[in-house]
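Nothing in this text is a laboratory measurement; each read-out follows from the coordinates by a stated rule. Predicted model, so just to flag it, every value in this text is computed and none were measured. Note: ideal-geometry Cβ built from the backbone for every residue, glycine included; neighbour counts use all protein chains shown.
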């Protein structure tokens, strides 16, 4: 049985990720929480943000034109509150957001969400997630 | 006509420059890249000026200026520094309307908040730290008859500060006032969404501050914030923002072994015990207002009371009454004094709020009122406006667990004290909370049981200097808004002195 993905991306996000990869090199996401620019997916150079035992690997983006899969991380306590929802990383007009790489391009990654279907959830509930260490 | 004329129109109290460079060593300095970015007012969605797009070279230039100024500034007397802070406060007071209009235009908040709350609080903050630094003393501990431990406060030197966009001036002043009072020099990076308000203020007070003591570098987080936070030339970094960036800043700080203070937001519960509705009196009216405080600053406050916990016995009546109060919120032009709620600060903030209105519905929460983008028409049609929104649901829903940073409250009911505490503490965050009851025993027990740094008791959203503000749990590290903040900006020097003429006898 195939495990449903927990996180996907839109074509607009993929296009920005291709641009950012060309400029910067391999990338990663860490889903933020909290104040101001919180609850936004932060896009960093791969390895820039040190993940550890308190981070969950939510998914990996394999995107045409980008050599290395882009890992999407979230802190483990936050994941406990988010795990019943499927995420889609989209791109909107905007500015800023911590040290996320897209900000200077006048764009902003944005997480959209939906509830998992009962069928998806039945599989995911019993599927372990891996951690950063 | 609005009560205050929009910037850019004849007769406006606030006149912006067409372009802002960095403020380094007491003068404007062009960005080394030669690049600028556009600054938009959320009131209309239109560009109103350009701002320097800073990078690592600009940060270094600012650090050069700060390091050049630090030795002399660190040796000024507390009296001198206090006089300067008081002069800044007086100058701000004389220009309060212009500063308030500038901040409202850049951030979108209603003028009644910037004019009567934000800027007066910022003014008072300078006065508070002027007083605190004058009154601060070291100590002399008589450890035994011949041995004395002297403790002196010393400035850290040069510190970095990264400011959020929700209170562009007040949040900057929360960090600036204690830092310079304690004798430090500062390199400050404002938020890229609201980069100019602090320049507007600096322009009014620049003759009062020695060159290099306060330096402002604008730009994006990744291009200017990161080189500042990761620089080995700062002695401390202070940040207000979100958790991923907070962790990155700690990570950079660990590389340089420097302290951090972090304020990373919350998901504050506002708890209404049944006895608030025992009488239909002034206190009940105050409690209804206390609930409606979620709309202050369009909900863009780290301590937004974004979870409403109402005791089951009064749930229907209270929810009905606060819904009526929420529906009476007047949205309109932020420069009108009668406007209660203005514009969200940026287009991406608007998009994020709308995405939460979407997931709230998908999770089955019920919209009691609002739930949509607001179109205010006319020149405001391009601005970023959202209706004040009440959701009804349960605490496991994501709208109860994440900081939406918009005018959105998620309401649920509780049954008794223990249940209230359980729901209140079922969150990653612990910045603020509100407790409303006529029974002070209940109030005290609730206040102590809630895992949050600030528990407003029969009030909400008051931020007087002298009341410590900061987070438990994932909400951060450190306390602002209190004289203990001086400690976050000072080293402790201990001189351990022996007055004995005799040797120990060991060697």
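Remarks
- The calculated P(r) of the stretch B:1-102, using every Cα pair and 10 Å bins from 0, goes 13, 28, 32, 22, 4, 0 in percent.
- Reduced Cα scattering model of the stretch B:78-161, Debye log10 I(q)/I(0), q = 0.13, 0.15 Å⁻¹: -0.60, -0.71
- Anisotropy class of the stretch B:345-386 from Cα gyration tensor, a/c 1.5 cut: oblate
- Peptide A:99-109 shows a mean partner chain C-beta count of 5 within 10 Å per residue C-beta.
- Within 10 Å of the Cβ of each residue in B:216-229, the mean number of Cβ atoms contributed by other protein chains is 4.
- Prolate/oblate/rounded call for the protein assembly as shown, Cα gyration tensor, a/c under 1.5 rounded: rounded
- Degrees, to the nearest 10: B:282-292 long Cα axis against longest axis of chain B: 80 degrees
- Helix-only CD estimate at 222 nm, as mean residue ellipticity for chain A, using -39500 (n - 2.57) per DSSP H run (n ≥ 4): -6500 deg cm²/dmol
- Acute angle (nearest 10 degrees) that the helix B:315-327 long axis makes with the longest principal axis of chain B, alpha-carbon atoms: 80 degrees
- Each label point was placed 7 Å from the Cα along the Cα-to-Cβ direction; for residue A:105 and residue A:24 their separation is 1.0 nm.
- Taking Cα atoms only, the orientation of helix B:440-449 departs from the longest principal axis of chain B by about 60 degrees.
- Gain on full stretching of the segment that runs from residue A:2 to residue A:83 - 0.36 nm per residue minus C-alpha separation: 27.4 nm
- Coordinate range along principal axes, alpha carbons of the stretch B:391-487, Å, largest first: 42, 32, 22
- Averaging 1/r over each pair of different alpha-carbon atoms in chain A and inverting the result gives 15.1 Å, the Kirkwood hydrodynamic radius.
- In the frame of its principal axes, the stretch B:43-89 has Cα extents of 46, 30, 9 Å, reported largest first.
- Separation of the residue B:152 and residue B:441 label points, Cα + 7 Å toward Cβ, nm: 5.4 nm
- Within the stretch A:1-41: backbone nitrogen closer than 15 Å to the residue B:251 label point (7 Å, Cα to C-beta): A:26-33, A:41
- Cβ-derived FRET efficiency at R0 35 Å, residue B:135 paired with residue B:506, nearest 0.05: 0.25
- With a 10 Å cut-off around each Cβ of B:353-365, the average count of Cβ atoms from other chains is 3.
- Building the convex hull from the alpha-carbon atoms of chain B and averaging its projection over directions returns 27.2 nm².
- Stretchable slack from residue B:207 to residue B:468, in nm (0.36 nm times residue separation minus alpha-carbon distance): 90.9 nm
- Alpha-carbon centroids, the stretch B:304-338 and the stretch B:439-507: separation in whole Å: 34 Å
- One chain, two ends: residue B:367 and residue B:329. Fully extended at 0.36 nm per residue, the span grows by 12.0 nm beyond their Cα-Cα distance.
- Per residue, the average separation of C-alpha pairs within less than 8 Å and at least 6 apart gives the stretch B:193-303 a relative contact order of 18 percent.
- Looking at the protein assembly as shown, the DSSP beta bridges with both ends there are about 55 percent antiparallel.
- Helical content alone sets the calculated 222 nm signal of chain B at -10500 deg cm²/dmol, taking -39,500 (n - 2.57) per DSSP H segment of four or more residues and averaging over every residue.
- For the stretch B:281-392: rounded, prolate or oblate by the Cα gyration tensor [a/c cutoff 1.5]: oblate
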